[in-house]
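Following: one structure in structure tokens, then a few remarks.
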Amino acid sequence: MPKAIKIFDTTLRDGEQTPGVNLNISEKLEIARQLDRLGVDIIEAGFAASSPGDFQAVGAVASAIKNSTVACLCRTVQDDIDIAWEAVKHAVDPRLHIFIATSDIHMKYKLKMTPDDVLQLTQSMVRYAKKYCSNIEFSAEDATRTRPEFLYKVVQSAINEGATCVNIPDTVGYTLPSEYGKLIKSIQQNVTGIEKADISVHCHDDLGLAVSNSLAAVMNGATQVECTINGLGERAGNAAMEEIVMTIKTRPDIFNASTNIDTTQFTRTSRLVSGLAGISVPPNKAIVGANAFTHESGIHQHGVLSEKSTYEIITPESIGLTANKISLGKLSGRAAFEHHLVEMGYTLDKPALDRAFDKFKQIADKKKTVTDEDIEAIVNDKISDVPKTFILDSFQVNSGNNMISTATVSMKINRKDMKGTHVRGNVMETENSDEVLVTEAATGDGPVDALFNAIDRLCDMKTNLSQYSLKAITGGTDALGEVSVKVEKDGKFYFGRGISTDILESSARAYINALNKIVNI
Ligand code: KIV
Ligand code: ZN
């Protein structure tokens, strides 16, 4: 009988700690629903005590999710535990996840506590949390740099107080697979009653070993793996779920283990997370990278044509990578569009559905065929919508290889949201008394620079563009172009995206989406 491995996803908590990633509630909800569909056992929805936004997001995820356990992170602090419980208590199966650092270096310099203080807090706070919830996870932060004898003691005290899962994180990505495997084994040998709890592992990728370490732990008795989609996370990231799950599935001879994950949902989940988080997946990334199933050399192509298994150890279908289906056309009505979205697994509220349908109609008018990938991009774009202070009305760009690029942009601007900044450019009143139509021109170093300069003038905003990327959603010259931008304003980063069959329009929309976030979030 294969051993059951629980998959604990922390994309919404540790993954959101990726520098520059800032998901809003509707983005988090959409990711959580997709994680539920993917079959993850536990979704860590956030760290409720860290901010009112996180509190709200954890509450929203807890109320929406019907199958997965929903966990909320908290420190060994009563207030944190109270807040976490308040946020997560409406989940079908809530979990409180309590952590404290146990390594000498963290206890001395970060916590300024003695080992006895840490031991005592572990006991008292696991006991306190247990009043609220039977499902308690305890994490010994920086476990891999903790003195093993002390780690056993702390884990023992958490188990004695009723922790149902104990996590042994490699917080700084320091350990090696053989070492980590031994540590997991030694915990089973040195902690009484450990069989009553899951042993969880949580690995960071500072040395590129997060997945290997997690797998070594599974081979040595871990029953839960904490990971993120696409390996998002602090610094170099966390262990990538798709790599761990596909390795366990591909090598039953080694692991004799199974997970509840529906692996055919990986492609879609990866695209959703990458799109909403604004972190693109490298083409050579294992499992979900664009090249993962592309065979370039003649010898490989020949081999795959005669027998796929010569060079493919997993099939594209097993991760949900199917031939791009033509799904809808410009004659498709609202009901057909909605029905198709439901079949694809989306559950949009009415305003988001209306916006997505409008966008679909605009695109279907310009593009011969609209595929499922196009629809995914349209829907993801609408999920990340924010209130619109700035709306693109029209633009014109003059550009060439021997001239200075110029752009003229007209935008509708909501005066009420401008909070003290000025509306600039050529101003015209509209039917809506709060809104003005403004037009401004600017030059730039290329068409995109000219466009962004004109938009900056109109919005009276000074930002730094720290990232710009353009991706074609499907092949062909009429493909949808998706532009992602990351802009910095007053030390904070904002991510924007825009899609259109015209890449300059995608660029303008992405930039305006980021500016709307600056004034509305
Ligand atoms: O990396 C880590 O140690 C963590 C804990 C809070 C589980 O994220
Ligand atoms: Zn972590």
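The values are calculated or read from the model by the stated rules, or taken from the named source; none is laboratory data. Computed from a prediction, not measured in an experiment: that's the story for all the values here. Cβ: placed from backbone, ideal geometry, glycine included. Neighbour counts: every protein chain shown.
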Those residues of the stretch 450-477 which are part of a helix (DSSP H, G or I) and crowded, with 17+ Cβ neighbours inside 10 Å, in sequence order: ALA450, LEU451, PHE452, ASN453, ALA454, ILE455, ASP456, LEU458, CYS459
Filter result for VAL191 (free of Cβ contacts under 8 Å to residues at least 40 places away in the same chain, touching a Phe, Trp or Tyr at 6+ places or on another chain (Cβ under 7 Å) and aliphatic (A, V, I, L, M)): yes
Need at least 3 residues that are surrounded by fewer than 17 Cβ atoms within 10 Å (Cβ to Cβ) and not acidic (Asp, Glu) per element, so show me which helices (runs of 4 or more DSSP H) inside the stretch 161-272 make the cut, counting only ones lying wholly within it. 177-190
Those residues of the stretch 77-96 which are β-branched (Val, Ile, Thr) and more than 15 Å from ALA62 (Cβ to Cβ) amount to VAL77, ILE81
Please count how many residues of the stretch 71-104 are farther than 28 Å from GLU149 by Cβ, assigned to a loop (DSSP other than H, G, I, E, B) and of a type outside the set (Asp, Glu). 4
When the residues of the stretch 12-25 are filtered to those that are polar (S, T, N, Q) and touching an Asp or Glu at 6+ places or on another chain (Cβ under 8 Å), which remaining residue is nearest to ligand 1 (Cβ to nearest atom)? GLN17
Sort out which residues of the stretch 110-126 are within 25 Å of VAL201 (Cβ to Cβ) and either part of a helix (DSSP H, G or I) or touching a Lys or Arg at 6+ places or on another chain (Cβ under 7 Å) (or both), and write them in order of number. LYS110, LEU111, PRO115, VAL118, LEU119, LEU121, THR122, GLN123, MET125, VAL126
Scope the stretch 1-54; condition among the charged types (D, E, K, R), within 16 Å of ligand 2 (Cβ to nearest atom) and not in a loop (DSSP other than H, G, I, E, B); matching residues: ASP9, GLU16, GLU44, ASP54
Would you please list the contacts, defined by Cβ atoms under 7 Å and residues six or more apart or on different chains, that run from a residue in the stretch 351-370 that is under 15 Å from LEU480 (Cα atoms) and among the basic types (Lys, Arg) to a residue that is part of a helix (DSSP H, G or I) and modelled with pLDDT of 85 or more? LYS359/ILE378
Check SER157 against each of (1) hydroxyl-bearing (Ser, Thr, Tyr); (2) within 32 Å of the chain's Cα centre (by Cα); (3) under 28 Å from THR69 (Cα atoms) and name the one condition it does not meet. (2)
Based on this model, can you work out whether THR228 counts as within 13 Å of ligand 2 (Cβ to nearest atom) and either in contact (Cβ under 8 Å) with a residue 60 or more places away in the chain or not polar (S, T, N, Q) (or both)? yes
Could you please find all residues in the stretch 273-289 being touching a strand residue (DSSP E or B) at 6+ places or on another chain (Cβ under 9 Å), surrounded by fewer than 20 Cβ atoms within 10 Å (Cβ to Cβ) and not small (Gly, Ala, Ser)? LYS285
Output for the stretch 127-155, where each listed residue is more than 18 Å from CYS203 (Cβ to Cβ) and not in a helix (DSSP H, G or I): LYS131, TYR132, CYS133, SER134, ASN135, ILE136, ARG147
